Amino acid sequence: MPIKLDGRQLSLEIQERLKNDIHKGIKEGERPPSLAVIRVGDDPASGVYVKNKEKACERVGIKSLLFHLDNDVSNRDLEELLNKLNLNAEVDGILLQLPLPSQLDAQKLISKISPAKDVDGLHENNVGKLLKNESGLRSCTPAGIINLLNSQKITISGKQIVVIGRSLLVGKPIALMMVNLNGTVTITHSKTTNLKEISNKADILVVAAGKPNLIDSSFIKEGAVVIDVGIHRLKSSNNGTTQLCGDVKLEDVVSKVLAYTPVPGGVGPMTVTMLLVNTIYSWQKRCGLNSTLKDLLP
Ligand code: NAP
């Protein structure tokens, strides 16, 4: 039987640990951690993600502050809000929910977030720390993937890793994390000419292409570990119902793999949990508490 890398279960376990860490800090006389979440406009998917993050904060005891801005907000107004939050001593983390409307420059705005409060791990200082293999806030989805592998004692050192996708959000940071953990990493993208051949060499295949059902069993080496980052809502042509699927045709690959992540319930829940981990890591640092979460930040 292949191993299901169950992100829901692992998230529950990590969130229990986070709850205890917050209790301990509060017992030592500190205020609870707090996360500022900025949502721009009314994109329904962003609304769902923000709601999930708020609920997760509540579960572990993080205070969340929601700033819901109009779709036509200017770069300057958003920068002003970021500056205020950077200066607010009671805010430990700032999350700018992506994507942003077209008049806004996401990367420029992320650069305005204080690196110490950049709980999405996307500020260039934090990306630079990852590049240098120094400790710091880490990009949530890739850090969640490393924790899923660790939870089942799947080693990265010495393995052939293939990453499909080279985004700043997923592909590049997961590749860097795996190199830092002594994997031998190949990064592929839409211009890669022999994707199937390369994928077939992978002991661990990370698929973050954002293309539904791109990967079937012909891309997979027998006994590989397959991590599916993609998440898509597809409408059935029969009855019009929507179904979630990933970049991997799970039913086709499952009999061939050593381990896999389901969609939903694999990488997705871990992304939210790592946001909580980063927020509490930042809070502990800012309050002078002992850091208890380094093992979760690859
Ligand atoms: P992205 O910014 O669109 O990047 C996609 C990457 O995949 C690009 O580098 C692209 O290559 C490459 N690519 C596209 N088609 C390809 C193909 N046919 N063969 C090989 N490479 C291909 O997407 P992203 O932000 O990294 O996200 C990827 C997927 O993960 C999306 O479905 C997203 O919704 C999902 N996601 C899920 C979570 C979660 O928590 N579950 C978190 C983040 C993202 P080029 O660079 O050449 O264009």
Within region 250-298, restricting to residues that are more than 14 Å from the ligand (Cβ to nearest atom), in contact (Cβ under 8 Å) with a residue 12 or more places away in the chain and part of a loop (DSSP other than H, G, I, E, B), the one that is nearest to LEU35 (Cα to Cα) is CYS287
When the residues of region 148-168 are filtered to those that are more than 17 Å from ASN182 (Cβ to Cβ) and buried (at least 18 other Cβ atoms within 10 Å of the Cβ), which remaining residue is nearest to the ligand (Cβ to nearest atom)?
-> GLY165
Those residues of region 46-75 which are open to solvent by 50 Å² or more (accessible area, probe 1.4 Å) and either part of a loop (DSSP other than H, G, I, E, B) or out of contact with any Leu (no Cβ under 8 Å at 6 or more places or on another chain) (or both), in sequence order = VAL48, TYR49, LYS51, ASN52, LYS55, GLU58, ARG59, LEU66, HIS68, ASP70, ASN71, ASP72
Might you check whether a residue that is open to solvent by less than 70 Å² (accessible area, probe 1.4 Å), acidic (Asp, Glu) and part of a helix (DSSP H, G or I) occurs anywhere in region 1-23?
-> yes
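Being among the hydroxyl-bearing types (Ser, Thr, Tyr) and either closer than 22 Å to GLY7 by Cα or at pLDDT below 95 (or both): is that true of THR241 here? Reasoning before the result, please.
Numbers: among the hydroxyl-bearing types (Ser, Thr, Tyr): yes; either closer than 22 Å to GLY7 by Cα or at pLDDT below 95 (or both): yes.
In short, yes.
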Give just the number: which of (1) within 14 Å of the ligand (Cβ to nearest atom); (2) open to solvent by less than 70 Å² (accessible area, probe 1.4 Å); (3) over 20 Å from ILE161 (Cα atoms); (4) outside any loop (DSSP other than H, G, I, E, B) does ARG233 not satisfy?
-> (2)
Filter region 18-54 down to the residues that are among the basic types (Lys, Arg) and out of contact with any helix residue (DSSP H, G or I) (no Cβ under 9 Å at 6 or more places or on another chain), then identify the one that is farthest from ASN290 (Cα to Cα).
-> LYS51
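From the list SER151, SER190, which one is among the polar types (S, T, N, Q) and farther than 26 Å from ASP295 by Cβ? Explain how you work it out, then say what you get.
Values: SER151 fails: farther than 26 Å from ASP295 by Cβ.
Going through SER151, SER190 in turn, the sole match is SER190.
Tally the residues that are part of a loop (DSSP other than H, G, I, E, B) and among the aliphatic types (A, V, I, L, M), restricting the search to region 87-116. Walk me through how you get there before you give the answer.
To start, the set of residues in region 87-116 that are part of a loop (DSSP other than H, G, I, E, B) comprises 88-92, 97-105, 112-114.
In the following step, the residues that additionally are among the aliphatic types (A, V, I, L, M) were identified as 89, 91, 98, 100, 104, 113.
Selection size over region 87-116: 6.
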Is it true that some residue in region 210-226 is free of Cβ contacts under 8 Å to residues at least 24 places away in the same chain, assigned to a strand (DSSP E or B) and surrounded by 15 or more Cβ atoms within 10 Å (Cβ to Cβ)?
-> no
Would you please name the residue that is most open to solvent (accessible area, probe 1.4 Å), looking only at residues in region 236-249 that are within 16 Å of the ligand (Cβ to nearest atom) and without any contact (Cβ under 8 Å) to a residue 12 or more places away in the chain?
-> GLN243
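The values are calculated or read from the model by the stated rules, or taken from the named source; none is laboratory data. This is a predicted model, so every value here is computed, not measured. Cβ atoms come from the backbone with ideal geometry, glycine included; neighbour counts cover every protein chain shown. For accessibility, only protein heavy atoms count, side chains too; no ligands or nucleic acids. Shrake-Rupley method; radii C 1.70, N 1.55, O 1.52, S 1.80 Å.
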